[in-house]
Each structure stands twice: as structure tokens, then as C-alpha cells.
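Enquirer: Just dropping this structure here.
None of the figures in this text is laboratory data; all of them are computed from the coordinates on show. A quick note: this is a predicted structure, and the numbers were derived from the prediction, not measured. For neighbour counting, all protein chains shown are included, and Cβ atoms are generated from backbone atoms with ideal geometry for every residue, glycine included.
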Amino acid sequence: MFPFRHIWANLVFLSSILVLLIVGAFFLIVVDLEERSLSQVKEFSSENISRTMRENWESEALDLANLLARQCAPHLSRFNVSAMQEILTEAVSCRDVLYINLHNADGRILIDTTEGSILIGEKPTRSFARRAVEVRRALVQEGLDFIETAVPIFLGSEKLGTLRVAYSKASIAGETERVVAEINERIDRSIDNSIANTLLLGATALILSIVVGAVFARRLAHPLNRLAEGTKKIAAGDLTYRTDIRSRDEIGQLAESFNKMTADLERATVSKNYVDNIIRTMIGGLIISSPKGAITFVNQAALDMLGYDEEKLMNLPVTAILAEDTSTSSETLLDKLKKTGRIRNLEGYLRTRDNRKVPVLLSGSVMEGRDRESEGIVFVALDISERKEIEEKIQGYVKRLEYSGHLRRLYTDILSHDLLNPANIITHMTAFLIKKNPDADREEMAMILRNSEKLTQIIRDASDYARVESGESLEREKIDLFALLASVIDRLRPQFEERKMEVRFDRTGEAPIEANSMIEDIFSNILTNTLKYAPEESGITVTIVDEGQNWLTTVADEGEGIADAYKESVFERFERRDKLGVKGTGLGLAIAHRLVALHGGRIWVEDAEGGGCLFKVRLPQA
Amino acid sequence: MPVRAEMRLRPLAAHLANQLEDIGFDNGKVVAAEGIPSMTGHLNDGTVDIVISSPYPMMRFRLEQSVRPLLMASRHGLSEYMSYLFVRKESGIRSLGDLKGKTTAFSAPHSTAGYLLPLLSLREAGLEPVRLESADAPVPPGKTGYVFAAEEVNISPWVFYGKADAGVFPSTLWEEQRVNPEAYRREFVVIHKSVSVPWIFASVREGLDDGAVEEIREEMLKMHETDAGEKVLRACGIDRFMSIPKGTLETLEALLTGFEERAE
């Protein structure tokens, strides 16, 4: 559209064209006006100039004649011919005078300047000359080729002579012609000057417009050039480039937008680099296909997973790598994607280059453009080979666990039913026999009774432990620890009193927990343990402390304490402190430990102040 | 020297300067003087080296010891001239004696034919010429008056129109139309012709080196023999220069003897 590459050059060009058009129009108008005026002036001037010149000449001739007459009068009175000759010679030379004749009073020509101012002495022969010397006033006469002005020469009232001044008509015509020509020339010159001035004005205006236009255009184009340079730098990769153009006009706004765009581009590029990095480093395989299913992009993870080179995969149909026995058929998978727009975490298989099937967790979505047209499909495939292995192992474990749980439940059932019942029967029958036969071997009977009771207790404890170990039947209910402990202490009171042991427990308060009723066994086992190992006539202190989210129950005795090496092992099965006369199965604290763990708490033992044991049980508040 | 004469003699001055360059003349120019005293001053101060004049001024310069007459010149074939004294035919004046109580128009005080010769003629005629301030001034009784017309061109109209009773012209100008047009001249009659004297003298100033003077003399004498010289002479209105005949100067001196009036 514009002839030049540079915007400033185009601006200068346009402004110059504009100036030229304006000046040209002005020029044409001026020239036209002047030419029209000129012809009228020229027509008018010739005739009027001639008339005016004639009148002017006559007037000048009259003036000259009068002047000469006045100058010659004193000389004529003294007949100083030489002086008059000088005067007339000078007069003739100053103007286009044809001749000057100075006549004496008698009419003779005293001096004639026709061939230099010479004495003549002759009387005039021509009638107009005779006529001129006779009058006592100025007289203008016209001959064939001359116009003569005659004035009398007076000295006072005495006429001394006559002075005749003649101008050639040819001179007058020539002078008129010269004047007309001069006037015409001046007119022409005026027009030429006018045209020249117009051209000069035009040229000046053009130059000024070019200069001013160039200056402003460059000032206008300079920031644009800088913006153009900036785009080149950005295209070359320098996204940190910012322009420092500051102006309030549209260019300033453009510069501001440019900087913002560059900053956004930089962020986007950083983001893109970030995204590219993510895509490059992500573990999952990223596969992008065209809307028709041709692969257009794969990341390195996908290439590694599939064993392909990138070039080999490009433009392959995506169905080529989706294995047939996916969770749904691959064809249906694409259809489903197109229908629903996405799939999420479907287990399937990808076919590698060497025709292996890789188990994957497949997610996909359709990319939509602005006009909601599909621009492609994005697949993410997570290799779940390891997980599959682990799942299979876990399934194996689960099966084994199920079997062991089955065995445990069988064991628990046997313990709780098949062993406990007979043990109870033995105990009850033994007690019955003792009661029925007071004279029987009490010692033996008592031994049978004690051992059957022990057996029964072992079976119960074992059953409890088994049940606890299996984690089953732990229905929970809201239980108040204060009430629970009070109940346990009350139940064991006879035993405490038998050993003259004092149990100190502040029963006021509420400490609600969500727990199974078996939790009573925790504190029952701890207190029972204390009963066994603390000395007679010692004290037992039981507290419940609110820790905010937990209740901390402490049971402190005044016994020998537990060595640090055993503080953990006492909570293991069948681990008992050695002490003579202490009865027990060795499962109580293990059961307590398991129960606390099942309730999300913790049990441990520390040294009490004064040397005994300090059992601590932390349980979550309800 | 009149302006006309000045301009006429310029070629001569230039020629002589050119020809006499080797004797120290580096340029030639014409110096005009208002009258005999003025020219005498120029001659004495060395401003003028050569003066061309009529006999009377030459004799005056010589009397002042300002010049040495060198050569004579001829013009229009004439080397001598005289003075004509004329009157109007109808004036009734027929001889010099009739000029008693009349006024004669002379030309200028430095003029030989226009003053010296006619004045001598009037004296020789037994008249007592008296200078008048103007032509209208009355002539003292018993005397004859003369008035200077300043220019020769004034003389014939003065006489024709009766401003002066008589007039004098050099013989060489009698028929000159410019100064004595035929319209007037035919009404005049010459009543006296003076003695003839050489017309033009070329003199050098006193003090010029003899050698230079001789060089000048030789150069001027041979001018008419060369084309360039002849051209110059023609431009000056001179035919040739010639030696002064013996006795000429003495004759002129004799004419001036007893002439008591000095030029103005």
C-alpha cells in the first residue's frame, strides 16, 4: 500500500504529497487569477499609457521649456550665447528632445540644438515656428512627426525671445512602447515573482513538511522501531526484554501492553518450561492423539513404557498401543471418551513394541478448543505392573490371613467352647465333690480344684487373648473410666483387704471413652498384677488425668518396681516377673497391651516415686 | 585652457608621454588653466611641461620666464592668422577711427587675435581703447570702449543685435558657422585686419632638461611624418609642428613693447 519500508518514510511521503497538492492547487488558482487579470491589465494599459505618456510628455515639455526659458532669460538679456548654449546642450542631452530652438525677440533663431547648440541667426521659415515666436503664451503644436512646446522668454514684462522644445513622436511612441513594455514586463515579472514566490513557498513548505514530517515521523516511528526490535529479541528468546517507552499516547499504551504481554509470555514460557519439565519428568506416560485417534505426542515415560522411538509412534493410531483386552474394548474406549469426554482410572493394558502387555491405569479426556470442537485426546497411562504384583501377593497374604483367621477363630471357638466348658465342669464337679464329701482327701481334692480353676482361667485368658488378637467383636460403647475403675476396684476389694492393701482412688469425675467392654480387663489385669507383686500393707494409687484429647490413667504401687530391661517385655505373652507364690497365666498384661492398642491408646510402665511400679494407660477421649 | 581645447589636446599629451617614456615622461595629461596667471603658476611649479597656446599667452609666459618657445604649429593649412575687426553694414562705421565712442567686443583677455592684435590696431589708429565692464556701459567721451564677450560665440550676435558696435574674430574663425553664422555674417563688414602672427606655439617650461627639451622638439617635429603621429595631430586639429622662424619671437616682442596692460 505504501511505497516505503519504513513508517517514517511513508509518513513523510504522505505529508509531502499533501503539501504538494495544497501548494499546487494554490499555485493553479493564483496563476489562473493572475493570467486573467493580466490580460485585462495589458489591454487597458497600452491605450491609456499612450494617452498618459503623451500628456506626460507635453507636461514635461512645457515644464522643461519654462525651466529653460527662465534659465536662459538672464543670459538672453545679456546676449551670453555661450551660457545659453551650455544650458540648452545639457537640456538636449538629458531627455529625448528632438531639438530646442531659442529665438531672439525678433524671431530669429539664436541657437538651434539640432546639430549641437549652434548659432543660427536665420529667421524661421516654418509656419509653426513663426506662430510660436508670435505668441506671448505657451503653445503646443503637433507636426507630422513631432510635438513642439513653445514658451516665451520674459524678463519682467519684456519678451526677450521664445524657446521651442520639440519631441519626436517616434520618441514618444518609442517611450510609450518602452513604458508599456516595461509595465508589461513588470506585470510579467510580478506574475513570475508571484509564481516564483508560490513555488518557493511551495518548495519551502515541502522542505519544511519533509523536515518536520521526518522529525515527527521518526519520533513517532522510533518507539515503534524499538517495539519491533523488542519483538525480534523476544523471538530470539530473550523474554526478559522490556521496553522503556513512556508516553501518554497510544504508543505508550502499546508499549505498556507489549511489556505486559512479554511478562505474561515469560511467565507462560516459564510455566510452559515448567509444564514441559513436568511432562518430561512425570512418571506416567502422556499420549496425545488427534481427534481421529492418530498419535501426535508422547512423553519420555510413554516411550520408555512402550519401547518405541518417538518417530515410530507419531501418527500411529492410538488403538495400536491400546491392548485388546483392556477393561473395555479399545474401540469402545475411544467412543466412550468421545461420548463422555473423559475416562478415569480404568485398568487396562498397553501393547509394547515387542508385543508385551503392560498393565496400566488409564485416564483420558477430550481436549476442546474455544468453539468446543475436539482438538485431540489426552491419555495418561500409569504403569501398575508393580502394583499388580503386590496385589497378587497381598491377595495371597489375604488368603493366608483369612485361613489363619479362620484357624484363630476355630482356636478361639475351641478355647471358648470346647475347652472352657469341660474345664468349668471339672471345676464345678470338683467343688461339688469337695462339698459333698467333706471327709474326702481334701488336699488332693483341693489341688484338683485349684488346678481346674487355673485351667479354667488359662482357657478364659487364652480365649480372651485370642479374641483380642483377632480384633473381632470389638463393638464399642460409651464408657466412663471413673465408673469402670471404681467397679474394678470394688470387685477386687476383698483381695485387697485380704492383703491389707489400701487403694486410693478419687472417684469423682467423668472420663468418657468409646471402648469395648473388654477394656475393663486392662485395669483389672493391672490391678491384679499389682495385687500379685506389691507387698502386703502397701498402698495403690489410682488417678485419671485429663490430657485434653486423651485420658491418662495411672496405677502406682509400692512394690519393688520393674527393672528397665523388663519394662517392655512384661507386656509380652507369658512374660512374668519371677516371684514366689505369684499365680497367673502371664497373659494379663499382654491382653491389656493388646486391648489398649486396639483402642488406639498406649500402655507402659515407669518407676513410681518411692520405688514401685507406675502403670500408665492413655486412651482417647470420646 | 578651454575644456574643448583640453580634450582636443589629450591625444597629443598621451602620444608624447608614450614616445618620451625613456626620458622620464610616464604619463601625459592635459592641464586646463583659467587664464595666463593660472597657467604661469602650473609652469612654475612643474605641473605643466609643454604648453600649446596662441602667441600672446606664449609671450606672457616668456616674459615671466616660465617657458621657452619651442615650435610653431599650423592648422587647417595656416600657420599664421590675424584679427578681423567687423561691424554691421548698416552701422555706418567704416574705419577704426569711426569707433571712437563706440564699443568693440573682444573675446578674452588672453586671446591674441581676440584681444592683443585688435587692441594694438585700435591704438595704432590713434584711439584710446578703454575697457568697459559691460557692453551697456557708456564709453567715456573721446575714447573707444571694448568689452570682453567671454566667448567668441557671443561676439557676432552682440554685433548683430547692436549690443556691441563692433566685434573681433580671428581670421581663422571668420567663416566658422558655429561662431559667426552666415545669417549674421552677411550683415557684417570687416573694417580692419590686423598684422598676422603665428597662430600656435608649443613651448616647454623653463627648467626642463635641455636634453629632454631636444627630445621633445625632435619628437614633435616628426609627428606629421608617422601614421601614429599624424593621427594624433589630426585629432588635435593640428597639421604639423615646425620650427620657429628666426625673428618671429623678436617681432612678437616688439608688438608687446609698450603694451602696458596685463592679461587678467
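Enquirer: When the helix-only estimate is applied to chain A (DSSP H runs of n ≥ 4, each -39,500 (n - 2.57), divided by the residue count), what is the mean residue ellipticity at 222 nm, nearest 500 deg cm²/dmol?
Expert: -19000 deg cm²/dmol
Enquirer: Please give the helix A:7-78 orientation as an angle from the longest Cα principal axis of chain A, in degrees from 0 to 90, rounded to the nearest 10.
Expert: Here the helix axis deviates by roughly 20 degrees.
Enquirer: Here is a follow-up. Using a 10 Å cut-off around each Cβ, can you sort A:Lys393, A:Lys532, B:Lys193 from fewest to most neighbouring Cβ atoms?
Expert: A:Lys393, B:Lys193, A:Lys532
Enquirer: Can you compute the helix-only [θ] at 222 nm over chain B? Use -39500 (n - 2.57) per DSSP H run of at least 4 residues, normalise by all residues, nearest 500 deg cm²/dmol.
Expert: Taken over chain B, the calculation gives -9500 deg cm²/dmol.
Enquirer: Over all pairs of distinct alpha carbons, what does the Kirkwood formula give as the hydrodynamic radius of chain A, in Å?
Expert: Taking every pair of different Cα atoms in chain A, averaging 1/r and inverting gives 41.2 Å.
Enquirer: Continuing with the same structure: Take each of the peptides A:239-250, A:63-74, average the number of other beta-carbon atoms within 10 Å over its residues, and list them starting from the highest.
Expert: Averaged packing, sorted descending, gives the order A:63-74, A:239-250.
Enquirer: Now a separate question. Run the reach check for B:Lys246 against lysines, Cα to Cα strictly under 21 Å, same-chain hits fewer than 8 apart removed. What comes back?
Expert: B:Lys222
Enquirer: Between A:Asp63 and A:Ile195, what FRET efficiency comes out of the Förster formula 1/(1 + (r/R0)^6) with R0 = 45 Å and r the beta carbon distance, rounded to 0.05?
Expert: FRET efficiency, A:Ile195 to A:Asp63: 0.70.
Enquirer: How much net charge surrounds A:Ile384 when only the other residues with a Cβ under 13 Å from the Cβ of A:Ile384 are counted, with Lys and Arg +1 and Asp and Glu -1?
Expert: Here the count lands on -3.
Enquirer: Moving on to the next point. Between the helical axis of B:227-236 and the dominant principal axis of chain B, each derived from Cα atoms, what acute angle in degrees is found, rounded to the nearest 10?
Expert: Approximately 30 degrees, to the nearest ten.
Enquirer: Among all the lysines, which ones have a C-alpha under 20 Å from A:Lys339's C-alpha, if same-chain residues fewer than 8 places away are not counted?
Expert: A:Lys292
Enquirer: Quick check on packing: order B:35-44, A:181-190 by the mean number of other C-beta atoms within 10 Å, highest mean leading.
Expert: Top of the packing list down: B:35-44, A:181-190.
Enquirer: May I pose another question? What nm distance separates the two modelled labels at A:Val275 and A:Val140, each placed 7 Å from Cα along Cα→Cβ?
Expert: 10.7
Enquirer: Can you give the log10 of the normalised intensity I(q)/I(0) at q = 0.11, 0.12, 0.17 Å⁻¹, computed with Debye over equal Cα scatterers of region A:20-157?
Expert: Debye output, listed in q order: -0.50, -0.56, -0.92.
Enquirer: I've got another one for you. Report, in degrees rounded to the nearest 10, the 0 to 90 angle that the Cα long axis of helix A:250-281 makes with the longest principal axis of chain A.
Expert: 30
Enquirer: In addition: Mind sorting A:Asp96, B:Asp165 by how few other Cβ atoms lie within 10 Å of their own Cβ, fewest first?
Expert: A:Asp96, B:Asp165
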